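Every number in this text was worked out from the coordinates using simple rules, so none of it is lab data. Being a predicted model, the structure only gives us computed values, none of them experimental. Backbone-built Cβ (ideal geometry, glycine too); neighbour counts: all protein chains shown.
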Amino acid sequence: MSSMELTHRIYAIAWSNDKYTVYMLVRNPKGEVVARRIVTIDGKFLESREKILEFVMRELKKRKLRVES
Amino acid sequence: MARGYPDYQRGMVIESARLNIPISIAESPATVPIDISTQSLENVNMNIRAQELHAVKVLAPSAEAVYVGGTVTAFTSEIDLYTPPEDVVVLLYVTGRGRVMHLAGNVYHPSGISYVRCQIYIDDNLTFDDALISLIQGGAGQSYARQHENGDAAGWYHSHAIGPRGGLISHYWDGSKTTRIYFDYKLEIEFTSSVLLRFRNDDTTNAMEGSGYVVYGTYP
């Protein structure tokens, strides 16, 4: 199975010390959870949940990850 | 079973080499005792979507409750606590579900440590808003490392004993106020949508500085 077939779903985002930690569940095309993935992204604290999510989604897209919204 | 009776009790014993039993419970309130006595158990998948759940207990052969995994625990890197007067520093902000287990670090404030305010928002509600020293001292049920009165010698003072919850480890008394503290405090915060942990410098003239560490976990 190629990694392109896997989708990621964010279940938590943490911010601390100018760094976002994004916690994701990785699903295969059948929808089964096959892994958990943790990605860290450098960035300033953006105060609101919406802005943070927007920033994180943009950064994950740059990393060529398929993320369910 | 009488019709219309509010309580439903059902039971079954299955002796089979291979099992696959999907169970769906929509009655409320419900208690679900499951007794598994096979020699080898491979997988138990439970999907609980009840709005309210009192307890999930998994008992090992020793009859002791065992912890159900699924938590990712991360140790945050060192957080720089430098904060100008009347400003805030965010130690941790998490959206999602999880818990915060530990808060540790050291803080220096030339005007006195009582100017350092700790604010904890759980699920967007301000649940703690008081001096940091009140949390690690009063909250931990720990007596002050040592009480001081004006005139006591300046220097470092250490706690004689620290309980399992942790608390204030040591502090520097400059003769009239405490200016630096070392602390290691066990928090038990559970949150369902978000948690925000921050310090505020309540002083109008001096900046505060130091380092902080927060241990937290998230639930998928």
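Of note:
- The residues packed around A:N28, meaning those with a beta-carbon under 15 Å from its beta-carbon, carry a net charge of +3 if Lys and Arg are +1 and Asp and Glu are -1.
- FRET efficiency estimate (nearest 0.05) - Cβ-Cβ, B:S24 to A:L53, R0 35 angstrom: 0.60
- Exceedance of the 32 Å cut-off in Cα-Cα distance is limited, within the set A:K30/A:K62; A:K64/B:K57; A:K44/B:K186, to A:K64/B:K57.
- Across chain A, Cα pairs under 8 Å and at least six residues apart give a relative contact order of 33 percent.
- Within the same chain, aspartates and glutamates fewer than 8 places from A:K19 are excluded, and of the rest, those with a Cα less than 16 Å from its Cα are A:D42, A:E47, A:E54, A:E59, B:E78, B:D80.
- Using only alpha-carbon positions in region A:3-68, the gyration tensor eigenvalues give semi-axes of 23, 11, 10 Å once each is multiplied by 5 and square-rooted (largest first).
- Fully extended contour minus Cα-Cα distance, from B:L59 to B:V44, at 0.36 nm per residue: 4.1 nm
- As a rough footprinting exposure proxy, the listed residues A:L6, B:L187, B:L197 were ranked by other beta carbons within 10 Å of their own, and the order from fewest upward is A:L6, B:L187, B:L197.
- Average beta carbon contacts from partner chains per residue of B:195-201, 10 Å cutoff: 1
- Contact order for region B:72-219, expressed relative to its length and based on alpha carbon pairs under 8 Å spaced 6+ residues apart, stands at 48 percent.
- Spatial offset of region B:167-181 relative to region A:22-69 amounts to 42 Å, using the alpha carbon center of each.
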